[in-house]
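**Q** Got a structure for you, written out below as structure tokens; questions coming shortly.
The values are calculated or read from the model by the stated rules, or taken from the named source; none is laboratory data. Remember, it's a predicted structure, so these values are computed and weren't measured experimentally. Note that we place each Cβ from the backbone using ideal geometry, even for glycine, and neighbour counts take in every protein chain shown.
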Amino acid sequence: MNPFISRSFYGVINYVTALISMASPWLFGFAHVGGASLFLPITIGWVQLIMAIFSNNSHGFIKIFPMPTHNVLDAFSGFILAVSPFLYGFAFIENGVFLPHLLIGLTFLIAGVFTHGSPFVNEEAHQEVVGWDNH
């Protein structure tokens with residue numbers, strides 16, 4: 001797989017998507033549904049924002065969190081958010097409740113996988129996350 005997202009653009013995507021994720025229950029009008037549909041995007045958005053602030057990239061402010069680990073956690077949390085409407089059963093409670101979760105989750109997932117230096121597309125970064133060497 002070839003990475004097509006630069007680290008600089010990734011930093012911007014991360015902040016914007018984290019803020020949209022946190023505000024999504026009110027932006028898209030499903031805050032009244034409650035439960036996992038409300039809790040997950042807010043929680044994952046906060047985690048993403050904290051990781052973005054502490055990430056060791058050009059847009060991180062504190063620069064202590066390794067980017068390969070951030071990429072893996074982005075992909076994992078994006079997957080969880082994308083499947084959550086179907087996993088927790090609120091996908092078809094009301095029209096369109098699942099769509100923000102799916103789109104924001106896929107954004108995190110794609111950004112985590114296809115960013116330059118991601119362990120999913122870079123063997124050296126993969127070994128850094130896994131913590132072992134083939135030598």
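**Q** Tell me which residues, restricted to segment 37-76, are β-branched (Val, Ile, Thr), over 17 Å from LEU102 (Cα atoms) and either in contact with a Ser or Thr (Cβ under 7 Å, 6 or more places away or on another chain) or in contact (Cβ under 8 Å) with a residue 12 or more places away in the chain (or both).
**A** Hits for segment 37-76 are VAL47, THR69, VAL72.
**Q** Is there a residue being of a type outside the set (Gly, Ala, Ser), within 24 Å of THR115 (Cβ to Cβ) and modelled with pLDDT of 95 or more anywhere in segment 83-100?
**A** yes
**Q** Okay, moving on. Condition first: in contact with a Ser or Thr (Cβ under 9 Å, 6 or more places away or on another chain) and either surrounded by fewer than 14 Cβ atoms within 10 Å (Cβ to Cβ) or β-branched (Val, Ile, Thr) (or both). Now tell me which residues in segment 17-30 satisfy that.
**A** The answer is THR17, ILE20.
**Q** Next up: Within segment 1-36, track down each residue that is in contact (Cβ under 8 Å) with a residue 40 or more places away in the chain and among the aromatic types (Phe, Trp, Tyr).
**A** PHE4, TYR10, TYR15, PHE28, PHE30
**Q** Does segment 89-96 contain any residue that is of a type in the set (Asp, Glu) and crowded, with 18+ Cβ neighbours inside 10 Å?
**A** no
**Q** Which number in (1) at pLDDT 85 or above; (2) more than 30 Å from HIS32 (Cα to Cα); (3) not in a loop (DSSP other than H, G, I, E, B) marks the one condition that GLY60 misses?
**A** Evaluating GLY60 over (1) at pLDDT 85 or above; (2) more than 30 Å from HIS32 (Cα to Cα); (3) not in a loop (DSSP other than H, G, I, E, B) leaves (3) as the failure.
**Q** Moving to a separate point now. Can you tell which of LEU81, LEU102, LEU106 is aliphatic (A, V, I, L, M), part of a helix (DSSP H, G or I) and surrounded by fewer than 16 Cβ atoms within 10 Å (Cβ to Cβ)?
**A** Sole residue among the options that is aliphatic (A, V, I, L, M), part of a helix (DSSP H, G or I) and surrounded by fewer than 16 Cβ atoms within 10 Å (Cβ to Cβ): LEU106.
**Q** Have a look at SER77, SER118 and point out the one that is modelled with pLDDT of 95 or more and under 18 Å from the mean Cα position of the chain (by Cα).
**A** SER77
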